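Report on one structure; see the data block that follows.
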Amino acid sequence: MSNAERILIIKLSALGDFVLSLGACQAIRKHHSGALITLLTTAPYHPLAQASGLFDEIWIDSRPRFWQPLKLLALRSRLRGGRFDRIYDLQRNDRSAFYFRLIGDPKPEWVGKVAGCSHRYRQPENQILHISTREAQQLALAGISDIDPPDLSFADEDLSIYNLPPDYVLLVPGGAPHRPAKRWPAECYAQLAVWLAERAYKPVLLGTTAEKDSLERIAARCPQAIDLCGRTNLLQIATLAKGAALAVGNDTGPMHLIAPSGCPLVSLFSDESDPTKVSPRGSKTEILQRPSLEDLALADVLAACERLLPRLK
């Protein structure tokens, strides 16, 4: 393998973007079937990347700052030492553009948006495009086409620890702590959970410890709910999605893990984010958006659930 083509993919964050970019990574692996492919990412996504089987090596980027010259020099040495023939910059931001300059000359082929790279992507003016469309256009410059949605079938965790019934619905009421406007009120999720339980669907609450208070409030209103707060990793969430009858959640990373499974999904957006740029992609996905999620009526969410649930009881 010493003469194999050497490829680097840069994808650092965030969770939703990372999951959506797995489709592009899978297309790159197919295109460079005999290559040694390295992923440069951040620590939270290492387990998901490793389980995917797409990468021969996974490097963790500590994101050194400008005032950390020794760390920057170490990163430069590693990038140059990789002797990459081509780098796919799927991050496409100021940091990855800095890495393009940091690597020095001679530069490998670089598929990205930074000025001076060999395959420069320029997004069409006056167009708002989903990240998946932008990546497809970017990779087309390098001769890669037919990019499929991300395939998370590799997620196959043992869920017996949760003792779930056959008919369960995933509720994802959390989101970034610093952006509370992206959250539908916990009281609304509690009413939704009660509505589901009355129809013999078991509400399953997903979230981190940062969402503990909200999940506890929902569980208090709906004792039938199963609260998995802080008990699921990324691979377990993707596996849970395969057996779920439905998922309802805010604009948050776990919804992107759920969508590729084919699980019917209702995704809730405020004007804090634009679903035309980044939103879950699945075969049975409905997006409900209001300027403020305080104004999203429970009746509208229930109507979407009724359209997507395989059967009502």
Residue-wise HN-Hα coupling along region 249-266, computed from phi with Karplus coefficients 6.51, -1.76, 1.60 (Hz; x: Gly, Pro): x, 7, 6, 8, x, x, 5, 6, 6, 7, 4, x, 6, x, 4, x, 9, 10
Which one, P166, P203, P275, has the greatest fluctuation when you compute a Gaussian network model over the chain with C-alpha springs under 10 angstrom? P166
Using alpha carbons only, how many angstrom separate the centre of region 241-299 from the centre of region 1-59? 26
Based on other C-beta atoms within 10 Å, arrange E125, E5 from fewest to most. E125, E5
So what are the three principal axis dimensions of region 160-308 from its Cα atoms, in whole Å, longest to shortest? 38, 30, 30
Residues of region 4-30 with amide N under 19 Å of the 7 Å Cα→Cβ point at H130: 14-28
May I ask you to compute the full-extension gain from H178 to L73, defined as 0.36 nm times their residue separation minus their alpha-carbon distance, rounded to one decimal in nm? 34.5 nm
Using Cα-only point scatterers and the Debye equation, what is log10 of I(q)/I(0) for the chain at each q in 0.10 Å⁻¹, rounded to two decimals? -0.61
For Q289, other-chain or 5+-apart residues with amide H closer than 5 Å (H placed, Pro excluded) are F269
Region 166-182 - phi-based ³J(HN,Hα) in whole Hz, Karplus 6.51/-1.76/1.60, Gly and Pro as x: x, 9, 10, 10, 8, 10, 10, x, x, x, 4, x, 7, 10, x, 5, 8
Amide H of I226: which non-local residues (sequence gap of 5 or more, or other chain) have their own amide H closer than 5 Å, using H built in the peptide plane? V204, L205
How big is the Cα convex hull of region 76-219 in projection, averaged over all directions, in nm²? 13.8
Can you work out the PRE-style zone for E109? Point 7 Å along Cα to Cβ, and I want the residues of region 22-66 with backbone N under 11 Å. 32
Using θ = phi - 60° and the Karplus relation 6.51 cos²θ - 1.76 cosθ + 1.60, list the HN-Hα couplings for region 28-44 in order, rounded to whole Hz, with x at every Gly or Pro. 5, 4, 5, 5, 10, 4, x, 7, 8, 10, 10, 10, 9, 9, 10, 3, x
Relative contact order (%) - criterion: Cα under 8 Å, at least six apart; region: region 6-140: 25
Determine, for L139, L159, the number of other Cβ atoms within 10 Å of each Cβ, and report the residues in order from fewest to most. L159, L139
Mind checking the angle between helix 212-221 and the chain's longest principal axis? C-alpha axes, 0 to 90 degrees, to the nearest 10. 20
Helix-only mean residue ellipticity at 222 nm for the chain, each DSSP H run of n ≥ 4 adding -39500 (n - 2.57), per residue, nearest 500: -10000 deg cm²/dmol
Mean shadow of region 1-132, computed from the convex hull of its alpha carbons, in nm²? 8.6
How do F269, F84 line up, fewest other C-beta atoms within 10 Å first? F269, F84
D146 to E216: extension gain in nm, 0.36 nm per residue of separation minus the Cα-Cα distance? 20.8 nm
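Every number in this text was worked out from the coordinates using simple rules, so none of it is lab data. All of these numbers come straight from a predicted model, not from anything done at the bench. Cβ atoms come from the backbone with ideal geometry, glycine included; neighbour counts cover every protein chain shown.
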